[in-house]
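Here is the structure we will look at.
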Amino acid sequence: MNRRVRVTTGARLHFGPLAVGGVQGRTFGGVGLMIETPGWQVTVERSEREEVTAGESTGRVTNICERFRRNSPVPASPCRVTVTQQMPAHTGLGSGTQLALAVARGLATLAGEDNLGAVELARRTERGCRSAIGTHGFTAGGFLVDAGHPVAGGFGELACRLPMPPEWRFLLASPKHRSGLSGTAERRAFETLEPMPAAMTAELCRVIVMDWLPAVTAADFEGFCAALDAFGGLVGEYFSPVQGDVFANQHMSLLAKELRAGGVRGIAQSSWGPTIAVSCADLDAAEELDAALSSDRKWDDCGFRIVRPLNEGAHVVVND
């Protein structure tokens, strides 16, 4: 019988939803992709009593375990959950979903539910009420389009998944000691927003189908950047009444403006931010940009990280 499960995740970039506040058809949905780092590494093993060792994330992990057990039809034995690699919370990289799915994968496997899908793991841990990008990305990685879910409920369905060109990179930029909307503040923001106009939804879908997907398929970097700029600009304008601008953080807005003035394309905020992702054609381009920004005192209060696309799901190792 399985006694120990180790799960290593990536993170997700989410560039925005396709429909918000509609009264018919599907709602939310969205587009995003998985990146290799930052990520979680979680070990779940059988134990005589419940035990969580997760540093500052101990409370979050404990709550995830409680939700999973409450929503699971299969009784789970006591387990020890240890987090050995963490990722920052509320920075726009989907840390909550990846942590929940990693813990749930371990608990399910030890309970004999080895083949439980990520959507069911999300349901049991009460994740994915809006976006399903991180959930589908946990399974397969890659570039993902979430078709959304019925207004009455359900879970966002995966409309398309494509592998990302492996040579591409993203430079993540985020102001230190800042976080994006989450929890109650996020719910209030959605309640405050006017419904997304149907014309905007139509244009976002057009960008995805006619521009973005062909660019990813053809490894057309310039086309990818153009689509990302177009999509991110539209979504940012829609959310500007609750986040203050196209970008949630003023310093990130200034950074994006300066980069674009220098000819850089393919810049967008991930989720509520404050992290923004800057597209780079390869590692050399990413390192050159990273070096230039890191050496400029103007950006001393920002953190930068070069990341690779992740074209596979979370790595799971099971030991008997």
Can you give the helix-only mean residue ellipticity at 222 nm for the chain, where every DSSP H stretch with n ≥ 4 adds -39500 (n - 2.57) and the sum goes over all residues, rounded to the nearest 500 deg cm²/dmol? -11000 deg cm²/dmol
From the backbone phi of segment 234-240, what are the Karplus-calculated ³J(HN,Hα) couplings (6.51 cos²θ - 1.76 cosθ + 1.60, θ = phi - 60°) in whole Hz, Gly and Pro given as x? 5, 5, x, 5, 4, 8, 4
Which value, in Å², gives the accessible area per residue of segment 1-131 when a 1.4 Å probe is used on the protein heavy atoms? 40
Sorted by chain and then number, the residues having a modelled amide H within less than 5 Å of the amide H of Thr53, at least 5 places away or on another chain, are Val81, Thr82, Val83
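Efficiency by 1/(1 + (r/R0)^6): what FRET value for Ala291 and Thr37, r their Cβ-Cβ distance, R0 = 25 Å, to the nearest 0.05?
On the way: r = 19 Å, r/R0 = 0.75.
Step by step, r from the Cβ atoms, then E = 0.85.
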Could you pull out every residue, at least 5 positions away or on a different chain, whose amide H is within less than 5 Å of the one on Cys302? Hs are placed 1.01 Å off N in the peptide plane, and Pro or chain starts have none. Lys176
Calculate one ³J(HN,Hα) per residue across segment 63-78 by plugging θ = phi - 60° into the Karplus curve 6.51 cos²θ - 1.76 cosθ + 1.60, and present them in order as whole Hz with x for glycine and proline. 5, 4, 4, 5, 5, 4, 5, 5, 9, 9, x, 9, x, 10, 6, x
With a point put 7 Å past each Cα toward its Cβ, work out how far Asp300 is from Ala89 in nm, to one decimal. 3.0
Could you give the angle, 0 to 90 degrees to the nearest 10, between helix 183-192's Cα long axis and the longest principal axis of the Cα atoms of the chain? 50
Rounded to the nearest 10 Å², the 1.4 Å probe accessible area of Ser253 is 30
Glu120 accessible area, assembled protein chains, probe 1.4 Å, Å²: 50
Dipole magnitude of the chain about its Cα centre, charges +1 at Lys/Arg Cβ and -1 at Asp/Glu Cβ only, in debye to the nearest 20? 960
Which ³J(HN,Hα) values, rounded to whole Hz and listed in residue order, are derived for segment 90-107 from phi using the Karplus coefficients 6.51, -1.76 and 1.60 in 6.51 cos²θ - 1.76 cosθ + 1.60 with θ = phi - 60°, glycine and proline given as x? 6, 10, x, 10, x, 5, x, 5, 5, 5, 4, 5, 5, 5, 5, 4, x, 4
Please give the Cα centre distance for segment 217-241 versus segment 266-306, rounded to the nearest Å. 17
Measuring from its Cα centre, segment 10-112 shows a charge dipole (+1 at each Lys and Arg Cβ, -1 at each Asp and Glu Cβ) which, in debye to the nearest 20, is 300
Segment 70-153, accessible surface, carbon-and-sulfur percent (1.4 angstrom probe): 53
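Magnitude of the Cβ-charge dipole of segment 249-320, K/R +1 and D/E -1, about the Cα centre, nearest 20 debye?
400
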Considering amide H positions built from the backbone, and no H for Pro or chain starts, which residues 5 or more places from Ala159, or on another chain, come under 5 Å of its amide H? Val145, Asp146, Ala147
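The values are calculated or read from the model by the stated rules, or taken from the named source; none is laboratory data. Note that the structure is a prediction, hence the values are computed from the model and not measured. With ideal geometry, Cβ positions are generated from the backbone for all residues, glycine too; neighbour counts draw on all protein chains shown. Accessible surface is based on the protein model in full, side chains and every heavy atom, while ligands, DNA and RNA are left aside. Shrake-Rupley method; radii C 1.70, N 1.55, O 1.52, S 1.80 Å.
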